[in-house]
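Worksheet: one structure, shown below.
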Amino acid sequence: MTKLAQWLWGLALLGCTWAALATGALGLELPPSCREVLWPLPAYLLVAAGCYALGTVGYRVDTFHDCEDAARELQSQIREARADLARRGLRF
Amino acid sequence: MATGTDQVVGLSLVAVSLIIFTYYTVWVILLPFIDSQHVIHKYFLPRAYAVAIPLAAGLLLLLFVGLFITCVMLKNQKATKKAQ
């Protein structure tokens, strides 16, 4: 089974469980506070996943390892190469 | 370690995501279990907005993505028409 099929299968299963519990089709008598938590659960999971994604991106941007010396060296090498090529007649 | 604006942007993204997550978690998961006379309910909108606001935001996001794709495709078409 492909990954997409697995994901869709899992989502379908969770969705059916949620729908069954939320509409009371199983005949369970959940306390009202539990039902109040159950109703927005798909939206909550989506928002939580979005927040996790955003937070991870932010954290990785924050802790990215810059190599300042290597960057400077690379820039000077680029300038050298451009000058050399311009001298040999290549127009940019 | 990243420097300058990278750090600022990264930390602000982390902070924003944490704020949204905690507010939304308290709103959706914790409030139903808190006595309705408690003062904390004053800081939260009616529960219907807990689904309506993310839904509206999601639809807006889809709209912007669609518009962006349309603009890019139109620009590409114009470029190829000029080249012909």
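For residues that are away from chain B (no Cβ under 14 Å), under 27 Å from B:Asp35 (Cα atoms) and surrounded by 11 or more Cβ atoms within 10 Å (Cβ to Cβ), scanning just segment A:20-38, find the one that is modelled with the lowest pLDDT. Top of the filtered list is A:Gly24. Restricting attention to segment A:42-60, does a residue exist that is among the charged types (D, E, K, R), without any contact (Cβ under 8 Å) to a residue 40 or more places away in the chain and not in a helix (DSSP H, G or I)? Among the residues of segment A:42-60, not one is among the charged types (D, E, K, R), without any contact (Cβ under 8 Å) to a residue 40 or more places away in the chain and not in a helix (DSSP H, G or I), which makes the answer no. For segment A:70-91, the criterion of a residue being free of Cβ contacts under 8 Å to residues at least 12 places away in the same chain and facing another protein chain (nearest Cβ under 8 Å) is satisfied by no position. Scoring B:Lys75 on the criteria (1) in contact with a Gly (Cβ under 6 Å, 6 or more places away or on another chain); (2) more than 10 Å from chain A (Cβ to nearest Cβ) leaves a single failure, condition (1). Among the residues making up segment B:22-66, those that are facing chain A (nearest Cβ under 8 Å), in a helix (DSSP H, G or I) and within 23 Å of A:Arg35 (Cβ to Cβ) are B:Tyr24, B:Thr25, B:Val28, B:Ile29, B:Pro32, B:Phe33, B:Ala50, B:Val51, B:Pro54, B:Leu55. The single residue among A:Ala49, A:Ala83 that is under 24 Å from B:Ala57 (Cα atoms), out of contact with any Asp or Glu (no Cβ under 6 Å at 6 or more places or on another chain) and surrounded by fewer than 11 Cβ atoms within 10 Å (Cβ to Cβ) turns out to be A:Ala49. Inclusion of B:Ala56 among residues that are in contact (Cβ under 8 Å) with a residue 24 or more places away in the chain and surrounded by 10 or more Cβ atoms within 10 Å (Cβ to Cβ) is not warranted.
Within the span defined as segment B:31-38, every residue fails to be out of contact with any helix residue (DSSP H, G or I) (no Cβ under 8 Å at 6 or more places or on another chain) and among the hydrophobic types (A, V, I, L, M, F, W, C).
The values are calculated or read from the model by the stated rules, or taken from the named source; none is laboratory data. Remember, it's a predicted structure, so these values are computed and weren't measured experimentally. Quick reminder, even Gly has a Cβ in these numbers, built from the backbone with ideal geometry, and neighbours come from all protein chains shown.
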